[in-house]
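Peer 1: Pasting a structure below so you can have a look.
Laboratory data are not the source of any read-out in this text; all were calculated from the coordinates shown. Since the structure is predicted, the reported quantities are computational estimates derived from the model, not experimental observations. Note: ideal-geometry Cβ built from the backbone for every residue, glycine included; neighbour counts use all protein chains shown.
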Amino acid sequence: MPNPGKPAHTIMSKTKPAPLAANTEIGGYRVVRKISAGGFGVVYLALDAQDQKVAIKEFLPASLATREPGALLPQVQPEKLSLYRLGLKSFFEEGRALAQISHASVVSVLNFFRENETVYLVMNYLEGATLQDFILCARSLKAAKVFRESTIRSLFDEVLRGLRIVHQHKMLHLDIKPANIFVTDDDRAVLIDFGAAREVLTKEGNFIRPMYTPGFAAPEMYRRDGALGPWTDIYAIGACIYACMQGHPPKDAPHRIEKERLPAALARLRGIYSDDLIELVTWCMALDPLARPQSVFALQKELGRAGERRYTRLSVSERMRMQFDTLVSPDGRRIERPARADETVRP
Ligand SMILES: Nc1ncnc2c1ncn2[C@@H]1O[C@H](COP(=O)(O)OP(=O)(O)O)[C@@H](O)[C@H]1O
Ligand SMILES: [Mg+2]
């Protein structure tokens, strides 16, 4: 219902832009249905001319544009037009950069084109679910381990193969989190959602700090002057492995700087996961970027290291101290609910 007391544009900016209706034709593809709608746009399942399934991502940022149900063109308020065009340009650039990468662990871009005063990115359609869906499902089963160590190792071996290629193309992902790792029905791990990626390694043109997700974003993502590099994505990889072990994301970097509880949280996993895997997470998640693996290759070597794994179980006194720790946090409050993995905020 329109509210007569408010100007129309404030009402419009509160409603999400409407997705394209089923059977809409765009660039020779036919929309089947909306798969998901995030802050930057909408992902659709669509069919190509040969009736093959594709996924199409439409640039349609809810903060800058609106669209009436049934309409094709987004409406952008004049004062937001320059930001919208900037976003459009970088969405297009990302499509171009991603289209150069062809790897089983990186989502493939089949096509990208301008239409309806926006941009569309056509990807091959993946059947399966995100790693986040798997974590939530495993967590609801309340088992001692969320995933087996061998599962974690082979999953991240694949993710790292993809990430290494991304870095070789002078791109950073910058929003690696379980919701952006897709696990296909034929058991492949695929990196998706390069919406935050920028060609930051070359540092050309306007540089906009990307969005970040608490828990997975490295401390340098929170600073204007922080040098981003492969180590920034590697922090997020460490946080993803942590989430696969614990079933929830780690504390965000500002919390860790204030009060570091990561070693204690990881110590609880001793005996359940090998010391080697726990050390690997500690290494990736070092607050100091220089103390982390500096390249995906360095991390791959460690993750793939064969040989006997060490397991150091907790002693009785360590267990007792930890139990006490879990009941009451140092400031006397109960431990708070972990942040939702898909919560994304701007610095
Ligand atoms: N190629 C694809 N095949 C199938 N589903 C996809 C594909 N790309 C994205 N999705 C689905 O759409 C959701 C959102 O896509 P994503 O690229 O992460 O955009 P954003 O998070 O910016 O909205 C994903 O979680 C996934 O469920
Ligand atoms: Mg995403």
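Peer 1: Rounded to the nearest 20 debye, what is the charge dipole size of segment 209-267 about its Cα centre when +1 sits on each Lys and Arg Cβ and -1 on each Asp and Glu Cβ?
Peer 2: That gives segment 209-267 a dipole magnitude of about 120 debye.
Peer 1: To continue, here is another question. Setting aside same-chain residues fewer than 8 positions from LYS177, which aspartates and glutamates have a Cα under 14 Å from its Cα?
Peer 2: Answer for LYS177, where 14 Å is the Cα cut-off: ASP133, ASP193, ASP233, ASP252, ASP342, GLU343, listed by chain and number.
Peer 1: Under a point-charge model restricted to the Cβ atoms of Lys and Arg (+1) and Asp and Glu (-1), what is the dipole moment magnitude of segment 237-284 relative to its Cα centre, in debye to the nearest 20?
Peer 2: Computed about the Cα centre, the dipole is about 200 debye.
Peer 1: Right, another one. Structure shown: which of LYS34/LYS57; LYS34/LYS89; LYS16/LYS57 lie over 18 Å apart, alpha-carbon to alpha-carbon?
Peer 2: LYS34/LYS89
Peer 1: Per residue of segment 167-180, in order, report the coupling 6.51 cos²θ - 1.76 cosθ + 1.60 (Karplus, θ = phi - 60°) as ³J(HN,Hα) in whole Hz, putting x for Gly and Pro.
Peer 2: Rounded to whole hertz, the list is 5, 5, 8, 6, 10, 10, 7, 6, 9, 6, 7, x, 6, 10.
Peer 1: Sticking with this structure for a sec: Please report, in debye to the nearest 20, how large the charge dipole of segment 152-194 is about its Cα centre when each Lys and Arg carries +1 at its beta carbon and each Asp and Glu carries -1 there.
Peer 2: Once rounded to the nearest 20, the dipole reads 280 debye.
Peer 1: Here's a follow-up. Most exposed first by the Cβ proxy, i.e. fewest other Cβ within 10 Å, how do THR151, THR312 rank?
Peer 2: Ranked by crowding around the Cβ, least crowded first: THR312, THR151.
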